[in-house]
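Since every read-out is calculated from the coordinates, none of them should be taken as a lab result. Only a predicted model underlies this, so the values are computations on that prediction, with no experimental measurement involved. Methodologically, a virtual Cβ is constructed for each residue, glycine included, from the backbone with ideal geometry; neighbour enumeration extends over all protein chains shown.
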Amino acid sequence: KNPVTDGEVSTIEIERKEGESLGISVVGGCDTPLVCTVIQEVFPGGAVSHDERLIAGDQILEVNGEDLTQATHHQAVATLAQFFPVCRLTVYRERAEDSRPIEKEETLKITLCKHKGKQMGIKLVGKRNGPGVYILTLIPGSLAACDGRLKMDDRVLEINGQDVSYGTQEQAASLIISSPDRVQFVIARRSRPQTPDIIRSAAENSKYAAFSDDLEKPISPLCLVCKEKIVTITKDLPETLGVSIAGGLASHRGDTPVYITNINPDGCVGRTNVLKKGDILLSINTTSLLNLTHLESVKQIRTNSEVKVLTLRVIDSRETSQGDHNFTPSWIYWLQMPQICRLVKTITLLRSPSGSLGFSIVGGADCSHGNLPIFVKSVVPDTPAAKDGRLRCGDILLTVNEHSLRAITHTAAVEILKHVDGAVTLTVVSWPGTAV
């Protein structure tokens, strides 16, 4: 078995028995700020666990020849769920900062003059493992392509004197567009290109990569928030609700609210047709079901069901399932829940001697998908965050020490994380990834 090597693209083959799941949960997708598909958790007893090579934080680039770098979250999950006796995975594992090879880097100043009727033709992209804006490609016949000095994988540091080293694709593109007659670039060029970082192959035609001439943004499912509703049900006194539930504090997938996994069509909820699989139960007859364990929730539902008229406060979920099988929520499902459903945890990390906490972030008020929270994109092996084990890929960062990260730009969040010393206390919301 060939190993998975830090800082490189690796391809491995994992054998699966008939009916055996991969046994992982994943977060991310091209319709989220994470852009790539990342393993959040490896479950004991699955094919991946038996193989022993993949770990949380590994990015999945390809499955049996299918490119996942341009797949939405649900497309990636559907591809991973397909059964193959041998699952061929191409993955990328980030390397800790202090063990990265030193590369030569040169800084160049390049000025391009605009010509009426001719496009600048620079396609920009973010990278998988950190901040910054890079040149993905130059459109053939465009000003930049004909000039020939800008190259693929160049990192754009400044545009017309404005620092974009921690900026977004959109910020860089708008600076290029708003410049009247000439655009002055300061770029950094590495002596050796880092292939896994640049979004590959299909990215050339992706609507998620920003053109310097085209600022259309895709609508991310993360911009949609589920609404609350009140439901009243009249029933016979001895009747139960006739629903199955999952979730609760310390449930097998972590701390979540309680949600409906199945409905008996002949029960009082099934007959009234006012609830569906996937709806979250907030309270029953004024008794809150938030911050309770699964067993405590079941007990409260039973106790409060011994009346003729029930009043339920629920979150009307956007995700459900048809058929007899139990509903299983995806990572996107949890991200669309309103703030009342969030369970916040506190994590304190100590900086390593090299200064790295061991995780990278994406998202922010200037995110290409809209004003979104700051997400943990990757947790690097053998760093303070990885050794602590509580911070996971896909977690939402709310605060760093006394600094709130609410409605903050990506650049500002990076600056805060760079300048906090010693013990760093984070508050996070950690939703379970989608199981495959």
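Details
- Look at the dipole of region 269-345 built from charges on Cβ: of Val307, Gly278, Phe327, the Cα furthest out on the positive end belongs to Val307.
- Evaluated on region 311-357, the Kirkwood hydrodynamic radius is 14.7 Å, with distances taken between all distinct Cα atoms.
- Using bins of 5 Å that start at zero, the share of Cα-Cα pairs per bin across region 1-160 amounts to 2, 8, 14, 17, 15, 11, 11, 9, 6, 4, 2, 1, 0, in whole %.
- Karplus 3J(HN,Hα) series, Hz, for region 146-159 with 6.51 cos²θ - 1.76 cosθ + 1.60 (x for Gly, Pro): 5, 5, x, 8, 7, 10, 4, 6, 5, 8, 8, 9, 9, 10
- FRET efficiency, 1/(1 + (r/R0)^6) with R0 56 Å, evaluated for Ala145 and Val344 via beta carbons: 0.70
- Globularity ratio of the chain, using Cα Rg and 2.2 N^0.38 Å: 1.09
- Summarising the amide proton neighbourhood of Thr256: residues at separation of 5 or more, or on other chains, whose placed amide H is nearer than 5 Å comprise Gly248, Leu249, Ala250, Ser251.
- Residues considered: Leu295, Leu281, Leu343. Largest GNM mean-square fluctuation over the chain, using C-alpha springs under 10 Å, is found at Leu295.
- Distant-in-sequence amide H partners of Glu20 (H built 1.01 Å from N, under 5 Å): none
- Residue-normalised convex hull volume from the C-alpha trace of region 107-152: 83 Å³ per residue.
- Scattering curve values for region 267-424, log₁₀ I(q)/I(0), Debye with Cα scatterers, q = 0.13, 0.20 Å⁻¹: -0.79, -1.26
- Here each label is just a point 7 Å from Cα along the line to Cβ, and for Glu402 and Glu20 those points are 5.4 nm apart.
- Estimated at 0.36 nm per residue, the fully extended path between Glu106 and Ala423 surpasses their Cα-Cα distance by 110.6 nm.
- Every helix of 4 or more DSSP H residues in the chain counts as -39500 (n - 2.57), and over all residues that averages to -4000 deg cm²/dmol at 222 nm.
- The simple spin-label model puts a point 7 Å past each Cα toward its Cβ; for Val231 and His50 those points are separated by 3.9 nm.
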